[in-house]
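Below you'll find the structure, written out as structure tokens, and then a few comments.
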Amino acid sequence: MNLSDSKKKLAIAGAVCGLVAAALAYFGNPANMAICIACFVRDTAGALGMHQAEVVQYARPEIIGIILGSFVISVATKEYRSTAGSSPMIRFILGIVIMIGSLVFLGCPLRMILRMAAGDLNAYVALIGFILGVATGAFALKKGFSLGRAHETNKTNGTILPILMAGILILAVCTTLLKSSEAGPGSVHAPIIIALLGGLIFGIFAQKSRMCFAGSIRDVVLMKNFDLLTVIGGLFVVMLIFNIATGKFVVGFNTPGIIAHSQHLWNILGMYAVGFAAVLAGGCPLRQLVLAGQGSSDAAVTVLGLFFGAALCHNLGLASSGTAMNAETQELVMGAATPNGKVAVIICIVVCFVIAFTNKREAAK
């Protein structure tokens, strides 16, 4: 079962993931979001009490499903391989950087594509930053960047994160220990069964197609290989059709209710940091979940960095606000990046440059 050996199969895999996203949007996930790794990790971190922003606290079954889906399919197809040891602390930092950049932009690369498919022009602006960030990471790779080799470990080591995710699901379904938003984006979600099933399917097809938003652009820059863009294209086209068919395709910059802002410089710089850090870490947020599911403890450490970064964003006021309509005055309130978030993004970009050009293959062996 290999979906990455032809562009036709990749396009089909992308279309399936697009149908999953469309179904999640139809059955109740937040508008213009459907499925977002950064936002959903942030919500799950809130459910665990890692931050106290009450409007974004909910254990998202999609995140759990993606990891478990990748785990199940990799075991079934004998691709599961427990590995670790490739600069874990640097990967943890890169996970934090990816999350900060994402929440300044208000979405991961996956949500950027979904926002583009819904007509959000801010996402097209952010794509410029993402491409430049990936290109900078690719330049670092050309100059010899490496975090070293991962080594095989005890098979059970790679199962830790999938087991933890299963534990969170049990707590969410069977207890009241986890926090759950009563208002705001965290209170808007598809039914648990549909969300979990959607996550499982998404995880399976993402694992078999090697879907990666940063990797698709990196391959174009480094090898002039457009294969991985095919799976992204399939996802985009299906969501574009869905949005047009359901009247959710709205072209504009300041559209209330879609959790976005129009501060173009910070959309660009936020996604620049995400693209740069994702190449250095070996994959976008989605790819990190998939790799963690198929046994990579290095990717699992990056995922933990995403959770920690989400907590930092809301505990320290780094996350941007989205454009919204004031319920009382019916006036449009523009979303914006916070002063703390702006400083954090600049620091993140500097950190990426330090990591990129101080870790060489010769020293990493």
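For this structure, a couple of remarks:
- For the chain, the fraction of 1.4 Å probe accessible surface lying on carbon and sulfur atoms is 68 percent.
- Per-residue SASA remark: GLU54, around 140 Å² accessible (1.4 Å probe; ligands, DNA and RNA not included).
- Helix-only CD estimate at 222 nm, as mean residue ellipticity for the chain, using -39500 (n - 2.57) per DSSP H run (n ≥ 4): -20500 deg cm²/dmol
- Segments 121-128, 13-20 sorted - mean Cβ within 10 Å per residue, highest first: 13-20, 121-128
- Multiplying the residue separation of THR175 and GLU79 by 0.36 nm and subtracting their alpha-carbon distance yields 31.2 nm.
- Derived scalar couplings ³J(HN,Hα) [region 65-70; Karplus, 6.51 cos²θ - 1.76 cosθ + 1.60; whole Hz; x for Gly, Pro]: x, 4, 5, 5, x, 5
- Isolated Cys in the chain, by beta carbon distance under 4.7 Å: CYS17, CYS108, CYS174, CYS212, CYS284, CYS313, CYS348, CYS352
- Long-range amide H partners of VAL333 with built H, under 5 Å: ALA324, MET325, ASN326
- Cβ crowding within 10 Å averaged over residues, with 282-292, 98-108 ranked highest first: 98-108, 282-292
- Contour minus Cα-Cα distance for GLU152 and GLU328 (0.36 nm per residue): 57.5 nm
- Straight-line cross-link reach from LYS142 at under 20 Å between alpha-carbon atoms covers these aspartates and glutamates, not counting any fewer than eight positions away in the same chain: ASP219, GLU362.
- Using the Cβ-Cβ distance between SER6 and LYS143 with R0 set to 25 Å, the FRET efficiency works out to roughly 0.15.
- Surface per residue (accessible, 1.4 Å probe) for the chain, Å²: 40 Å²
- Checked against a 31 Å cut-off, the cross-linked pairs LYS224/LYS248; LYS8/LYS179; LYS9/LYS248 give Cα-Cα distances beyond that limit for LYS224/LYS248; LYS8/LYS179.
- Protection proxy ranking, peptides 272-280, 202-210, 218-226, average beta carbon neighbours within 10 Å, highest first: 272-280, 202-210, 218-226
- Cα-projected label distance for ASN254 with PHE353, points at 7 Å along beta-carbon direction, nm: 3.3 nm
The values are calculated or read from the model by the stated rules, or taken from the named source; none is laboratory data. Since the model is a prediction, treat every value here as computed from it, not as a measurement. Positions of Cβ are generated from backbone atoms using ideal geometry, with glycine treated the same way; all protein chains shown enter the neighbour counts. SASA here: full protein model, heavy atoms, side chains in, ligands and nucleic acids out. Shrake-Rupley method; radii C 1.70, N 1.55, O 1.52, S 1.80 Å.
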